[in-house]
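Have a look at the structure below before the remarks.
The values are calculated or read from the model by the stated rules, or taken from the named source; none is laboratory data. Keep in mind it's a predicted model, so treat the numbers as computed, not measured. Cβ placement follows ideal geometry from the backbone for every residue including glycine, while neighbour counts extend to all protein chains displayed. All accessible areas refer to the heavy atoms of the entire protein, side chains included, with ligands and DNA or RNA removed. Shrake-Rupley method; radii C 1.70, N 1.55, O 1.52, S 1.80 Å.
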Amino acid sequence: QLQLVESGGGLVQPGGSLRLSCAASGFTLDIHAIGWFRQTPGKEREGVACMYGSGGSTNYADSVKGRFTISRDNAKNTVYLQMNSLKPEDTAVYYCAAVRSLLRRCGLSPGYHYWGQGTQVTVSS
């Protein structure tokens with residue numbers, strides 16, 4: 001009933017840009033924290049960015065600050081991750097996640113309840 005579906009991944013050259021989308025189905029994101037995570041084989045899942053669904057503060061991993069931006073389109077009930085100045089080390093499967101919360105804050109820890117299937121991002125020349 002509660003689903004998150006990622007899209008927008010692909011192959012880009014270093015320095016390029018991609019915008020990932022996370023569409024929520026069966027619920028609204030207003031009272032949820034939403035996060036973007038990424039994972040590569042042999043490495044732990046890393047929190048990239050997060051925001052609270054109804055607005056408020058955002059958080060970013062140090063590795064993506066200044067390059068990635070998380071945002072939300074209320075009408076589409078969709079969260080986006082704009083990725084600019086992509087580097088080869090950004091290559092990973094990117095997941096969106098959500099957790100219900102009445103506190104208007106978010107974190108980059110993996111303690112999220114709902115997860116999408118992931119979308120592959122490959123940065124290579």
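Here's the yes/no breakdown for (1) closer than 25 Å to Gly26 by Cβ; (2) open to solvent by 60 Å² or more (accessible area, probe 1.4 Å); (3) touching a helix residue (DSSP H, G or I) at 6+ places or on another chain (Cβ under 8 Å):
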{"site": "Ala49", "(1), (2), (3)": "yes, no, no"}
{"site": "Gly55", "(1), (2), (3)": "yes, no, no"}
{"site": "Phe68", "(1), (2), (3)": "no, no, no"}
{"site": "Asp90", "(1), (2), (3)": "no, no, no"}
{"site": "Val99", "(1), (2), (3)": "yes, no, no"}
{"site": "Arg104", "(1), (2), (3)": "yes, yes, no"}
{"site": "Gly107", "(1), (2), (3)": "yes, no, no"}
> Quick one: is Asp73 open to solvent by 60 Å² or more (accessible area, probe 1.4 Å) and of a type outside the set (Phe, Trp, Tyr)?
Replying inline: no
> Name the pairs whose Cβ atoms lie under 6 Å apart, with the first residue in region 4-18 and among the β-branched types (Val, Ile, Thr), the second surrounded by 13 or more Cβ atoms within 10 Å (Cβ to Cβ) and assigned to a strand (DSSP E or B), and 6 or more positions between them or separate chains?
Replying inline: Val5/Ala23; Val12/Leu18; Val12/Val123
>> Just the residues that are under 12 Å from the mean Cα position of the chain (by Cα) and open to solvent by 50 Å² or more (accessible area, probe 1.4 Å), please, taken from region 30-44.
In response: Gln39
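In region 57-66, what residues are closer than 21 Å to Gly15 by Cα, among the hydroxyl-bearing types (Ser, Thr, Tyr) and surrounded by fewer than 19 Cβ atoms within 10 Å (Cβ to Cβ)?
Let us first name the residues in region 57-66 that are closer than 21 Å to Gly15 by Cα, namely 60-66.
Applying the additional criterion that residues be among the hydroxyl-bearing types (Ser, Thr, Tyr) yields 60, 63.
Scanning region 57-66 gives a single hit, Ser63.
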> Given the conditions (1) over 17 Å from Pro110 (Cα atoms); (2) under 12 Å from the mean Cα position of the chain (by Cα), and given that Phe27 satisfies all but one, which numbered condition is not satisfied?
Replying inline: (2)
> When region 94-123 is examined, which residues are found to be farther than 15 Å from Thr58 by Cα and either of a type in the set (D, E, K, R) or touching a Ser or Thr at 6+ places or on another chain (Cβ under 7 Å) (or both)?
Replying inline: Tyr94, Arg100, Thr119, Val121, Thr122, Val123
> Hey, does region 13-24 have a residue that's exposed (fewer than 13 other Cβ atoms within 10 Å of the Cβ), outside any loop (DSSP other than H, G, I, E, B), more than 15 Å from the chain's Cα centre (by Cα) and modelled with pLDDT of 95 or more?
Replying inline: no
> Which condition number does Phe27 fail, the rest of (1) at pLDDT 95 or above; (2) surrounded by 14 or more Cβ atoms within 10 Å (Cβ to Cβ); (3) out of contact with any strand residue (DSSP E or B) (no Cβ under 6 Å at 6 or more places or on another chain); (4) more than 20 Å from Thr122 (Cβ to Cβ) being met?
Replying inline: (1)
>> Take Val5 and tell me if it is assigned to a strand (DSSP E or B), open to solvent by 50 Å² or more (accessible area, probe 1.4 Å) and in contact with a Gly (Cβ under 9 Å, 6 or more places away or on another chain).
In response: yes
